[in-house]
Amino acid sequence: MQSRTVLTSSDIDRAVTRISHEILESNQGSQDLVILGIPTRGAILAKRIVDTIAKFESIDTDAVLGTLDITMHRDDLASKPTRNPAKTVIPAGGLDGKVVVLVDDVLFSGRTIRAALDALGDYGRPSAVRLAVLIDRGHRELPIRADFVGKNLPTSRDERIRVLLTESDTENEVVIEA
Amino acid sequence: MKHLVSVADLTREAAIAILDTSLEMSEVNDRDIKKLPTLRGKTVVNLFFEDSTRTRISFEVAAKRLSADVINFAAKGSSVSKGESLKDTAQTLEAIGADAVVIRHHASGAAHMLANSGWVKGSVINAGDGTHEHPTQALLDAFTLRSAIHTDARGKGLDGVSVAIVGDIAHSRVARSNLVLLKQLGAKVYLVGPPTLLPNALVKRADGFSYSLDEAISTFKLDAVMMLRVQLERMTAGFFPSEREYARIWGLNADRLALLGSETFVMHPGPMNRGLEIDAAAADSKNSLVLKQVANGVSVRMAVLYHLLSGGENE
Amino acid sequence: MSEFTLVNATMADGSVTNVGVAAGVIKFIGNEVMGESIDAKGLVALPGFIDLHTHLREPGFEQSETVLSGSRAAALGGFTAVHAMANTMPVADTAGVVEQIKSLGDEAGLVQVQPIGAVTVGLGGERLAELGAMANSRAKVTIFSDDGKCVSDPLLMRRALAYVKSFDGVIAQHAQEPRLTENSQMHEGNVSAELGLAGWPAVAEESIIARDVLLAEATGSRLHICHLSTAGSVEIIRWAKRRGIKVTAEVTPHHLLLTDELARTYNPVYKVNPPLRTDADVKALREALVDGTIDIVATDHAPHPVEAKECEWAAAAFGMLGLETAASIAQLVLIDSGESNWQRFSEVMSLNPAAISKLADQGQLLAVGNVANITLINPAATRVISGGGASKSSNQPFEGIELPGTVIHTIYRGAFSVRDSKLAK
């Protein structure tokens, strides 16, 4: 198996910083902002984004940051091995009227985000939902696009993208395997 | 995992995975919209050869909250009474297209039979078979105890926790399932009851036993006592002389509750015979987990249904 | 009637010789040849096997077995005589029923079918059946048993033992204390406790055997104990025999081979009464068969229809097939184990059962002038058991197990009932 690094540790850090700024810019500040990471690596990226925002804006991290597990909303439960669901944490202020930014590591078919939108509906009614991803590798199967993208990475279908983050993998890089 | 017939089928990891999922399910049960689309299009049949409204409702709610279709099938007859046989009933359910059959049966081994017969293709969940096992009860007991002991229970077992199961061990499917599951999770399990209801073979698998509840309380540092329901027909069969004597020696009353101390949890699978195996003082004390056990039933059964019914063929 | 010679057959003592049969009797044992020559090289020639405990189910339960289908299974298993247990419908408790069973057996003509009479009316355990009438009938009943049920009333048992002395009969007891075994499903022990199946304690068998050997001593009567299943029972029989009590005991093939661990499958094919016991019991039973404490192997062949076994354990019927596998298991335990020899094999499979039943022309050593009831087996062959064989039922507990020895020829009264492992008719 061949693998090559497409994002180094500093590339990832730069991308996270840029996305954080773009979110603040498009939201015109941090008011009514809720950032929900999709476990596992989306949740880590969401935390990095919120930590970055906290450097520029005075925010209460707990009121902004959350996680949204989408396991029970997936459409491939019957065909893939059973996954153990992860934790969903919705900030105490709820989601009603908030601008929710969903964060995931890789945007591919769009099915995960479809499930996330479905799951979100069970927790409240945001005024808007945005999507931030570290990598957009194309091959969409649903009409879904990201608002904030770390890097667009054209791939072939049989290639595998692996996002490695210090918090879960000790490494901090994105590699592509063929 | 295809079936849940016995807790012995669960590795420690699998049991903890179910308990962790139950934790997520209990959060779903706390929110306004108590529904997940997870098992949309699946059909769950509650096949009850024995009346148990509580268990049936618990499974029914669990399945419905996961968006499965639920069919309740109360089968009165059995091949003993020359009614419809288990096989015929099972084949009827197969024709309906059941993805899971939740079976409650008065005969030990009925769930095992159904799971291994080839009569049904779906998953089989044992909701209590005779005096054999009641795996979802043991899972909800373990879940309740784990949540009571650990503030962040996720990923944890019951290592070092000591539990006494008290009463009619011989005829209790709850005791059998708990003995195996609690030990699998690392707990120490003690069996307490009259010698007539404490089979040697089970005692050998426990970490200790006593014929006296008082002795058990003073000897084993108990984190929880699990009181079993006394079936009154055991008295007429001569397993113990009278209700009064049973309550006096093996009942959990206010005095024994005080001896146990404030750190020990009180559990009971229900329905309770108040004044017999458990007093109001114990059942309603602040250490009692009885109501939590009932509430957790749905979450644990949702987790079990999810683990059995999701997942492809080639695991 | 045909004349033939079994050429180069191995006798129970190991010698190799020819056996000539004509007009239904053994004409010679030696080097001559007469009539048709049948190559018996490598085959052991033994006195035809006798089963003291067979459920032929007719009359009343013909969906499970008939006298004819049971006779076929018996012949294929090397038997030249079987004893038909009394728990039919109607119960074999009158001269009329036992005579009917005997004539059905004669009509089938494959083995001698010797009826066993019930001890009590309708197996009810309350009043003695007409034991004398059955003894004096054309069926000449000598063994009486309520098998399936225990004659649990001690007074009735005492009376029955005493009564059969007048015609040298024997009471074959199904030793099971009923109160200690209410709703019992399997051997009481570790496995039953784990499986949550109601236990059948060893003491329920042993207490009845202890009582009955003392009653047999007091009455001076003959007592036979059916299907001994526990190590404790062996000890009691050993004690009783040392004391000179006239007691004989049988063991079934399944109790010599299978244990209660099989119940873990919850497959009711392993549900039997008395239940499969533990390894220690199996070991004690095998030793007792070798040392003579146990006198015979008897099959307790108990056919049941599919619906009685294809259900939950508690709802299933007790019993398993045994006629076509018994000799193989006896060979396994006595010969292949190296513990005993073909002479002992002949005793437990033929000579001793005939003596208990006082059957004429059966269970005799192969000797000139004796009626030619001969079974030839190939001890070197092996087979994997599959299905119910000639029985109408298929509750086969040995399914998938490889057993040694096959029955090649069964000769009943000088004619082949089985030839080359196939029924002759």
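Derivation of every value follows stated rules applied to the coordinates shown; laboratory data play no part. Because the structure is a prediction, the values reported are computed rather than measured. So basically every Cβ, Gly included, is an ideal-geometry build from the backbone, and we count neighbours across all protein chains shown.
Before moving on, here are some points about what is shown:
- Signed unit charges on C-beta, dipole axis of chain B, positive-most listed residue B:Ala282, B:Gly270, B:Val124: B:Val124
- Each Lys and Arg Cβ is given +1 and each Asp and Glu Cβ -1; about its Cα centre, region B:135-293 then shows a dipole of about 460 debye.
- Unit charges on C-beta of K, R, D, E only; dipole of the protein assembly as shown, Debye: 460
- Where labels lie 7 Å past Cα in the beta-carbon direction, separation of C:Ala367 and C:Asp420 in nm: 3.5
- Debye, to nearest 20: dipole size of region C:48-363, +1 on Lys, Arg Cβ, -1 on Asp, Glu Cβ: 900
- Zone of C:Glu3's modelled label, taken as backbone nitrogen in region C:30-52 under 17 Å from a point 7 Å along Cα→Cβ: C:30-38
- Fraction of antiparallel bridges per DSSP, region A:34-178 only, in percent to nearest 5: 25
- Packing rank of A:71-77, B:304-310, where each peptide gets the mean count of other beta carbons within 10 Å, highest leading: B:304-310, A:71-77
- Whole-number percent relative contact order across region A:114-178, with pairs defined as alpha carbons under 8 Å at least 6 apart: 22
- Förster-model FRET efficiency, 22 Å R0, A:Ser9 and A:Asp51, C-beta, rounded to 0.05: 0.85
- Per residue of peptide B:108-119, the mean number of Cβ atoms on other chains within 10 Å of the residue Cβ is 5.
- Computed from the C-beta positions of C:Arg242 and B:Ile57 and an R0 of 60 Å, the FRET efficiency is 0.40 to the nearest 0.05.
- Likely footprinting exposure, C:Glu307, C:Glu250, fewest C-beta neighbours within 10 Å first: C:Glu307, C:Glu250
- Among C:409-415, A:19-25, C:299-305, the order from most to least packed when residues are scored by Cβ within 10 Å on average: C:299-305, C:409-415, A:19-25
- Across peptide B:166-176, the mean count of Cβ atoms from other chains lying within 10 Å of each residue's own Cβ comes to 1.
- Placing pseudo-labels 7 Å out from each Cα toward the beta carbon at A:Asp32 and B:Ala201 gives an inter-label distance of 6.8 nm.
- Dimensions (Å) - chain B, Cα atoms, principal axes, largest first: 55, 48, 33
- Note on region C:48-363: antiparallel DSSP beta bridges, both residues inside, total approximately 5 percent of the bridges counted.
- Intensity falloff of region B:1-109 expressed as log10 I(q)/I(0), Debye formula with alpha-carbon point scatterers, at q = 0.15, 0.20 Å⁻¹: -0.77, -1.21
- For chain C, a Kirkwood radius taken over Cα pairs fed into Stokes-Einstein (25 °C, viscosity 0.890 mPa s) yields D = 115 µm²/s.
- Sum of -39500 (n - 2.57) over DSSP H runs of 4+, divided by residues of the protein assembly as shown (222 nm, nearest 500): -9500 deg cm²/dmol
- Mean Cβ neighbour count within 10 Å, used as a protection proxy, ranking B:193-204, C:90-101, B:136-147 highest first: B:136-147, C:90-101, B:193-204
- For A:Met1 and A:Asp96, the FRET efficiency from 1/(1 + (r/R0)^6), where r spans their Cβ atoms and R0 equals 60 Å, is about 0.80.
- Averaging the sequence gap over all C-alpha pairs within less than 8 Å and six or more residues apart, then dividing by the number of residues, gives region B:135-293 a relative contact order of 23 percent.
- Close amide-amide hydrogen proximity is noted between B:Ala98 and no other residue 5 or more places distant or on a separate chain, at a cut-off under 5 Å (H modeled in the peptide plane; Pro and chain starts excluded).
- Distance (nanometres) between label positions extended 7 Å along Cα→Cβ at B:Met235 and C:Leu155: 3.4
- Whole-Hz couplings from phi, Karplus 6.51/-1.76/1.60, listed for region B:100-112; x for Gly and Pro: 9, 10, 9, 10, 10, 8, 6, 9, 4, x, 4, 5, 4
- Straight-distance candidates among the lysines for linking to C:Lys422, with alpha-carbon spacing under 29 Å and chain neighbours fewer than 8 residues away dropped: C:Lys27, C:Lys41, C:Lys102, C:Lys309, C:Lys392.
- Average other protein chain Cβ within 10 Å of Cβ, residues A:70-80: 5
- Across region B:18-28, computed HN-Hα scalar couplings (Karplus, 6.51 cos²θ - 1.76 cosθ + 1.60, θ = phi - 60°) run 5, 5, 5, 4, 4, 4, 5, 5, 5, 6, 4 Hz from first to last residue, x flagging Gly and Pro.
- Rg/Rg_globular for the protein assembly as shown, with Rg_globular taken as 2.2 N^0.38 Å and Rg from C-alpha atoms: 1.23
- For A:Lys151, the amide hydrogen comes within under 5 Å of the amide hydrogens of A:Ile135, A:Asp136, counting only partners 5 or more places away or on other chains and with H modelled in the peptide plane.
- Karplus-derived 3J(HN,Hα), 6.51/-1.76/1.60, for each residue of region C:313-321, Hz, glycine and proline x: 3, 5, 8, 7, 7, 7, x, 8, 6
- Mean separation of Cα contacts under 8 Å, 6 or more apart, over the residue count of chain B: relative contact order %: 20
- Bins of 10 Å, starting at 0 and running to the largest distance - Cα pair percent for region B:135-293: 11, 45, 36, 7, 1
- Across the options A:Gly93, A:Ala128, A:Ile35, the greatest Cα extent toward the positive end of the charge dipole of region A:28-178 (unit charges at beta carbon of Lys, Arg, Asp, Glu) belongs to A:Ala128.
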